[in-house]
Every structure is written in structure tokens, then in C-alpha cells.
Amino acid sequence: MKRIFRLVRPDGGETSVAVDVTGDAATVDVGGKRYALELLPRADGTFVALFDGGRVLRARVSHGKKETRLRTRGVETTLHLFDPRDESAAGSEGEGTSEVVAAMPGRVLEVRVAEGDRVARGDLLLILEAMKMQNEIRAEADQVVAEVRCAAGQAVETGALLLRFASDRI
């Protein structure tokens, strides 16, 4: 099963972490870097992870409803489960979000904005095809596009960053 998490770094930035577990094997993508590993559960509730490069890591994993905690080498890290429903509910009316992420896997059909464009609430930003349906992604507030991270024809996974807005509102 594949799950998407957000890791909040000590500097306040966020890193996307995708974990795909099948049986005792896992593939983990951390900020675009992929790791393949084998998971060996132990009787004391910990796991031993054998990385494809030969590295061995022992960790305690505690699953919660909205987060997973990892404790390894005396350091605890919290991974927050990515849920696009929470993302849309988090912003208040007229405030908008700082970025647009894919709510589900699909293909970008059309990108209607470029970096530096000023968009108004309701403007069409891009069209994402998912599950044979075309989803129009619209601006939640008056904002300036800071970064376009997708292109027409590109396949995207759940949680993929599509657009980022400038921090200052217009």
C-alpha cells in the first residue's frame, strides 16, 4: 500500500515522503530520492530495514490515524499523513494555499499559467485528468504564481507538487 507523508524539517521546510510497502519489501521516496529496502519485523516491536546498498537500520514505528512516528538512533521523527481533504479545509475563505498538489494520480492535460502570472480567485490554473475525468484546478485566492512544476502530458502521483504561489498575496 502506498502512503504519502509530509516531513517537517527543523528549518520549517517540508519534504514529501512516499512509502510503498508490499509484503516485507518497501520503496521509499524522500524528496525525490528513491530507496529500496527489506523490512524484518522483530518481537520487540521494532523493524530492521535492509537497504539495497547494504546499510542496516533498526527503527521503532508507531502508527497513528494522521501520523506515523519513527524512532531510530535515539531520534524520533514524525511523518504527517498527506490528505488532500485536510489541505483544502485548512485554508480559510479567500486566503488560498501556498501550493497546489495532485489529490490523486493522473495526467496533466493543460497548464494555463506561467511563473509570474497574477491569478484571481476562480481563475483556471490547470486541467488534470484522473480516473477518466477532467478536473479543473482553480485559484482559491488572488495570488502570484511563483513556480510551475508540471507540464502538459506529464503523469503525476498523489501529492505531487504542481504549482507554488508567492508568499505575498496581491
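So the values come out like this:
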{"quantity": "Net dipole in debye of the chain [+1 Lys, Arg Cβ; -1 Asp, Glu Cβ; about Cα centre; nearest 20]", "calculated": "720"}
{"quantity": "Calculated over the chain: convex hull of Cα atoms, volume per residue (Å³)", "calculated": "139"}
{"quantity": "Cα centroid separation, the range 1-63 to the range 117-167 (Å)", "calculated": "29"}
{"quantity": "Mean residue ellipticity (222 nm) of the chain, computed from DSSP H runs ≥ 4 via -39,500 (n - 2.57), nearest 500", "calculated": "-1000 deg cm²/dmol"}
{"quantity": "Average silhouette area of the range 89-165, convex hull of alpha-carbon atoms, in square nanometres", "calculated": "4.5"}
{"quantity": "Highest-first arrangement of 54-61, 34-41, where packing means the average Cβ count within 10 Å", "calculated": "34-41, 54-61"}
{"quantity": "Computed over the range 1-66, Cα set: Rg, Dmax in Å", "calculated": "12.6, 36"}
{"quantity": "Given charges at Cβ of Lys, Arg, Asp, Glu: the range 2-81 dipole, positive-most of 56, 81, 30", "calculated": "81"}
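Bear in mind that the values in this text are calculations on the coordinates, not laboratory data. Just so it is clear, the model here is predicted, and its values are computed rather than measured. Cβ atoms come from the backbone with ideal geometry, glycine included; neighbour counts cover every protein chain shown.
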